[in-house]
Structures are given as C-alpha cells and as structure tokens.
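To start, the structure itself, in structure tokens.
Every read-out reported here was derived from the displayed coordinates using simple, explicitly stated rules and does not represent laboratory data. A quick note: this is a predicted structure, and the numbers were derived from the prediction, not measured. Virtual Cβ from ideal backbone geometry, glycine too; neighbours counted across all protein chains shown.
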Amino acid sequence: MAGLLPALVAVSQKAAEVARLCRAEEPLFRLLVAEKTGPDRNERFQHDFKTLADVLIQELIKHDLGTQFPELRGHIHGEESSEFKDAEGGTVTVQVGATPGDTAALLLAVLGPEQARAAELLAEAVHREVTLEDTELADIEPGVCPGDLGIWIDPIDSTNEFIRGCEDVAAVDGVAPGGLRSALVLVGAFDRHTGVPVLGVINEPFFQRDPQTGRWQGRYHWGVAHGDTRLCSLSPPAPRPRPCVVLSRAEAPAVRGALGLLGGGPPLLAAGAGYKLLCVALGLADAFVLSRATTFAWDSCGPHAILRALGGGVVALEGALRARRDGGGAEPPELRYHRPRPGRAGAERWANPGGLVAFVHPQHLRAVLDALRDVPGL
Ligand code: 2IP
Ligand code: CA
C-alpha cells in the first residue's frame, strides 16, 4: 500500500526533530544533562527525562501512524512502557493528547510544575506537522498491506551517547567511534505472520553541523524488502576483497582478535547497535558482529529491512556458527521480529538471542563465520 513508507519516514523526521530540540533548547538540555551525582531530585530527573524523551517519541510515532493507518493500532511496539511516575510518585500514562495544551499538561505532571517551558516546547514539537519534500518516496509502492504488518520503534538508540553528547568525535575510516552521531531513530515494519522485516527507516538526527549556525542537520535512509521487491535510498556498497568489521567497544577480546585476522584491517569500534548496522548499510564496514544477546527487536528491525533491501541480512551468530560447523552449506536463517522468546520477562522477551552478524554481501558473512568457528565460548 502506497503511503506507509512516507509515513514511516515522516514520523522518523518528527522524532529526530524532538531529539534535536532536547539538546538545543536550554530548558530541555538542562534536564537532559542534569548531574547524576547531584541531589536525589536531580538524579531522578536525569533518569526520568531521558526516558520521558524516549517515551514521548515512541508515543508520537504510535499516535501519528495509528491515526493514518488504523490497521496498525495495537501492533506498534517500542522499548519503553508509557506508564510513568509523576512528580509526586503517582502514575501517568504519557501519550499524545488531542491538543498541544493537553500533551503539555501530561508532560507537566511528570516533570513537575517548574518545568512549564520544557513541557510546552516538547508538546509543540509533537503536534507540529511534518512535510516531506522527498518526491522519490511518494512513488514507492512496497506492495504490502498495513494490516499484515507490525512496527518496532527505537525512539533514540544509543541513548548514552545522546545524553553525553560529545559533538566533535573524529571519525576513524568514516566511522564515528562514539558521540552524538551514533544516536539514531530506528523504525522498522515486519510481517506479522512471518516476522520478516519488510520496511525500514534509519534517521540520523545528528548527521552534521551547519558550519554557519552550528545547528545539527539530519538525514535519513529507507529500504523495502518484500517478496521480490528490493528498493533502497542507498546503493549496495561495493564489497571489499577482505571484510572490514565494526564491533561494540565492549566486544569480547577473543572475538576482536579473531576478526582482526580477516585481513580487512583492525576492527572498527563504534557505539550504538543501530549505528553499527548503518555503517554496514553505508559500506563503511562489511559486517557488524556481536557475540552477546545485548540487542533487541527495536534495535535491529528497521536497519535489518534496509540491509535486506541491499541484498544482505542479519543472522543470529550462534545459530549461524552451529550450522557452519555442522557443514551445512545452506544460508543460516535471519532474525525474525514477531514472536517473544518463551519463558522470558520484560525486555528479555525481545532480545536477539545468540548475538548477530549483519552483512550486505553473503561472502562476508561466510568469511566472518569461518574466522569465528574456533573461538572458545562461541
Ligand atoms: C543500546 C545502545 C548501546 C548498544 C546496545 C543498544 O540501545 O545503543 O550503545 O551497545 O546494543 O541496544 P553498544 O554501544 O555496545 O553496541 P539504547 O541506547 O537504546 O538502550
Ligand atoms: Ca536501542
């Protein structure tokens, strides 16, 4: 159905706007970076405000998509619960109200009466119309029906970098090792029946700074992978003869060492699961390898759809290694997004178990698996 992809891009743009606003407007920025070591009250604000920004973005995406596509209501999921503690310790459900005033009132209940300006600024951004001037998008026909889809949202991936906000982190081979650039908005649509990711948007709210004004400018990328349709705002990157990998800074030394022997240079290190997936889609790295279950459906669904649109994918490392060791030549199965893990509670229900490998070119996936087959503990 035409219209859903532009709608996903539009909500990601609005989300990116809120993310930028939180850093640009004094009353919001103050809340965002409140000293963790300060008095209890500040500590509460720091935690709460970060979560509040996440929840608000998630709720605005739910609201805007649910209004345009009623078939999606009840199928739009995110990391955060919208239940929130108010300033007195009671419970408030943060949601988009009928008017900016209604939304501001809800936010005020969470932030406390002295934060009226902050609540107003956020509410205004949530209710602002976003117009897309992307003519290419209007003509995309993914051929999917919203009634068959579910949505995963990561309102702000790499929240630690978003809060710490180092602005001018020098890139290494085009990859930012940390800082604001790794804070992304991720939106993915998956097939409700099979769990396969079909539409994805990665929005970079902090792509670059205007040299004149110093203001951050964003950009976005999208992909469609449905049936035989493969469409993407990016072109598939040319494969390097030997894969260069990007890893979490917390990756196990044994994994780092083994992948360093691939011949594509020392592994690049970066923050944020979404950002590392983006690096693969952009061809800044040929694979993102993660050996632990520290990512979730909301981190990978959108970027996964984009990688599929480019001819690649995301597989569970553990399963793929097992299959490779067993000598099966078949492609390992990709991650799916429709079923919670049985017997788990909370966020763990939606963890991507057994780590992952993200790639564009299947030969790089095979090279990575061969490099890791003898690493103890994997
Ligand atoms: C986190 C965050 C972390 C990342 C982790 C994500 O998402 O992006 O930075 O760990 O995988 O799930 P690492 O940087 O080691 O890759 P969030 O910030 O939304 O919790
Ligand atoms: Ca995340």
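Run the paramagnetic zone check for Arg325: 7 angstrom along Cα to Cβ, then residues of region 354-378 with backbone nitrogen under 20 Å. Answer for this model: 354-358, 365-378.
Sorted largest first, the principal axis extents computed over the alpha-carbon atoms of region 85-204 equal 46, 43, 31 Å.
Projected onto planes of every orientation and averaged, the convex hull of the alpha-carbon atoms in region 184-307 covers 9.1 nm².
Counting Lys +1, Arg +1, Asp -1, Glu -1, what net charge surrounds Val9 among other residues with beta carbon under 12 Å of its beta carbon? With Lys, Arg at +1 and Asp, Glu at -1, the neighbours total -2. Averaging sequence separations of C-alpha pairs under 8 Å and six or more residues apart, then dividing by the length of the chain, give the relative contact order as a whole percent. Answer for the chain is 15 percent.
Reported value for region 245-372: 107 Å³ per residue, from the convex hull of its C-alpha atoms. Report the far tail of the P(r) of the chain, meaning the percent of Cα-Cα pairs longer than 35 Å. Within the chain, distances greater than 35 Å cover 24 percent of Cα pairs. Shown in residue order for region 218-223 are the 3J(HN,Hα) couplings computed by the Karplus curve 6.51 cos²θ - 1.76 cosθ + 1.60 at θ = phi - 60°: x, 7, 9, 9, 9, x Hz (x for Gly and Pro). Normalising the average separation of contacting C-alpha pairs (under 8 angstrom, six or more residues apart) by the number of residues puts the relative contact order of region 245-372 at 32 percent. Evaluated over the chain, the count of Lys pairs having alpha-carbon atoms less than 19 Å apart is 6 (only pairs 8 or more residues apart or interchain).
In the elastic network of the chain, a GNM with C-alpha springs shorter than 10 Å, the most mobile of Ala254, Ala189, Ala316 is Ala254. Equivalent ellipsoid of region 116-272: semi-axes from √(5λ) of the C-alpha gyration tensor, largest first, are 29, 26, 16 Å.
Ranked by the mean number of other Cβ atoms within 10 Å per residue, highest first, peptides 306-313, 128-135 order as 306-313, 128-135. Looking at Gly264, Gly312, Phe190, which one has the Cα that reaches farthest to the positive end of the dipole of the chain (charges on Cβ: Lys, Arg +1; Asp, Glu -1)? Checked the options; the winner is Gly264. Principal axis extents of the C-alpha atoms in region 229-296 (largest first, rounded to whole Å): 38, 30, 18. Extension gain for Thr93-Arg192 works out to 33.0 nm (0.36 nm per residue, less the C-alpha to C-alpha distance). Placing dummy labels 7 Å off each Cα toward the beta-carbon, the span from Thr229 to Gln212 is 3.9 nm.
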